[in-house]
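Engineer: There's a structure below that I have some questions on.
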Amino acid sequence: MFNLKIDHVMRNLFLTTIVSLFVAFSAYSQTSFGLKGGVNYNSNGQLFDNVAAATQDPSKTIGYHIGLYAKQDFNKWYIKPELFYTRTSSNYEIAKFDMSKIDMPVLVGINFGTPFSIFAGPSLQYIIDTSLGDFELGDVPKDFTIGLNVGVGFQISNFGVDLRYERGLSTNEADFTGISEGRIDTRPDQIIISLSVKL
């Protein structure tokens, strides 16, 4: 019951933050909006197999993301909240782990007076769905988690590209059963390439 209350509070906080940021930014003349999408070169954390008493490291696979952003410029600095639907996979020896989630990075960046910029910031993540091959995967303990983004961007006119690294910070292991049983660390560890267009 207590966990359900926490999830409810976090869900409301997540939605309120999204709406508040985009509404607040729309009031400023230096705010721009746009669409973004790209690929994720992802793996999650380790899988521990109780039957084999062994730990498995995943191999990275390609996923994707698509969404939108808002950007508020302050001379050389900017704040850039983003909202994405993300789909990722990780290959383990026993099965493939799939995850779909909503990501909301809130980035702080600095422009260098050139097309290049650097940025970093937290990413709020809401897990929609997970699966582990034919195994029965239990509920992920935390639907809402936090990650860290750091990267570089390149912008020419209305078009941009950025390259970033993301790492999940919240421990979030789920149990699984089937031919084997154990637990899996669902935290993302990924390199993300995005293309964007300003509207």
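Engineer: Which of the following residues is touching a residue at least 12 places away in the same chain (Cβ under 8 Å) and assigned to a loop (DSSP other than H, G, I, E, B): Ser196, Ser180?
Structural biologist: Ser180
Engineer: In region 23-44, is there at least one residue being in a helix (DSSP H, G or I), modelled with pLDDT under 90 and within 16 Å of the chain's Cα centre (by Cα)?
Structural biologist: No, region 23-44 has no match at all.
Engineer: Would you be able to tell me the number of residues in region 157-172 that are under 19 Å from the mean Cα position of the chain (by Cα) and either within 16 Å of Ile184 (Cα to Cα) or at pLDDT below 95 (or both)?
Structural biologist: Counting residues in region 157-172 that are under 19 Å from the mean Cα position of the chain (by Cα) and either within 16 Å of Ile184 (Cα to Cα) or at pLDDT below 95 (or both) gives 6.
Engineer: From the set of residues in region 58-85 that are outside any strand (DSSP E or B) and either surrounded by 14 or more Cβ atoms within 10 Å (Cβ to Cβ) or touching a residue at least 12 places away in the same chain (Cβ under 8 Å) (or both), which is farthest from the chain's Cα centre (by Cα)?
Structural biologist: Ranking the qualifying residues of region 58-85, first place goes to Lys76.
Engineer: Right, next: For region 159-193, give me the residue count where each residue is out of contact with any Leu (no Cβ under 8 Å at 6 or more places or on another chain), farther than 24 Å from Ala54 by Cα and not acidic (Asp, Glu).
Structural biologist: Of the residues in region 159-193, 3 are out of contact with any Leu (no Cβ under 8 Å at 6 or more places or on another chain), farther than 24 Å from Ala54 by Cα and not acidic (Asp, Glu).
Engineer: Test Phe154 against the stated conditions and say whether it is in a strand (DSSP E or B), buried (at least 20 other Cβ atoms within 10 Å of the Cβ) and either over 17 Å from the mean Cα position of the chain (by Cα) or in contact (Cβ under 8 Å) with a residue 24 or more places away in the chain (or both).
Structural biologist: It is false that Phe154 is in a strand (DSSP E or B), buried (at least 20 other Cβ atoms within 10 Å of the Cβ) and either over 17 Å from the mean Cα position of the chain (by Cα) or in contact (Cβ under 8 Å) with a residue 24 or more places away in the chain (or both).
Engineer: A further question on this structure: So which residues in region 100-150 are at positive phi and at pLDDT 90 or above, if there are any at all?
Structural biologist: Gly121, Gly133
Engineer: Scan region 107-129 for residues that are more than 11 Å from the chain's Cα centre (by Cα), of a type in the set (Val, Ile, Thr) and assigned to a strand (DSSP E or B) and jot them down.
Structural biologist: Val108, Ile110, Ile118, Ile128, listed by residue number.
Engineer: Being under 25 Å from Val152 (Cβ atoms), in contact (Cβ under 8 Å) with a residue 24 or more places away in the chain and surrounded by fewer than 17 Cβ atoms within 10 Å (Cβ to Cβ) is the filter here, so list the residues in region 88-124 that pass it.
Structural biologist: Within region 88-124, Val106, Val108, Ile110, Phe112, Gly113, Pro115, Phe116, Ile118, Ala120, Pro122 meet the criteria.
Engineer: Taking the criterion of being in contact with a helix residue (DSSP H, G or I) (Cβ under 9 Å, 6 or more places away or on another chain) and among the aliphatic types (A, V, I, L, M), would at least one residue in region 120-143 satisfy it?
Structural biologist: Among the residues of region 120-143, at least one is in contact with a helix residue (DSSP H, G or I) (Cβ under 9 Å, 6 or more places away or on another chain) and among the aliphatic types (A, V, I, L, M), which makes the answer yes.
Engineer: If I filter region 167-199 down to residues being among the polar types (S, T, N, Q) and buried (at least 20 other Cβ atoms within 10 Å of the Cβ), which single residue comes out as farthest from Ser43 (Cα to Cα)?
Structural biologist: That would be Ser196.
The values are calculated or read from the model by the stated rules, or taken from the named source; none is laboratory data. None of the values given here were measured: they were computed from a predicted structure. Cβ coordinates were reconstructed from backbone atoms using ideal geometry, including for glycine residues, and neighbour counts include every protein chain displayed.
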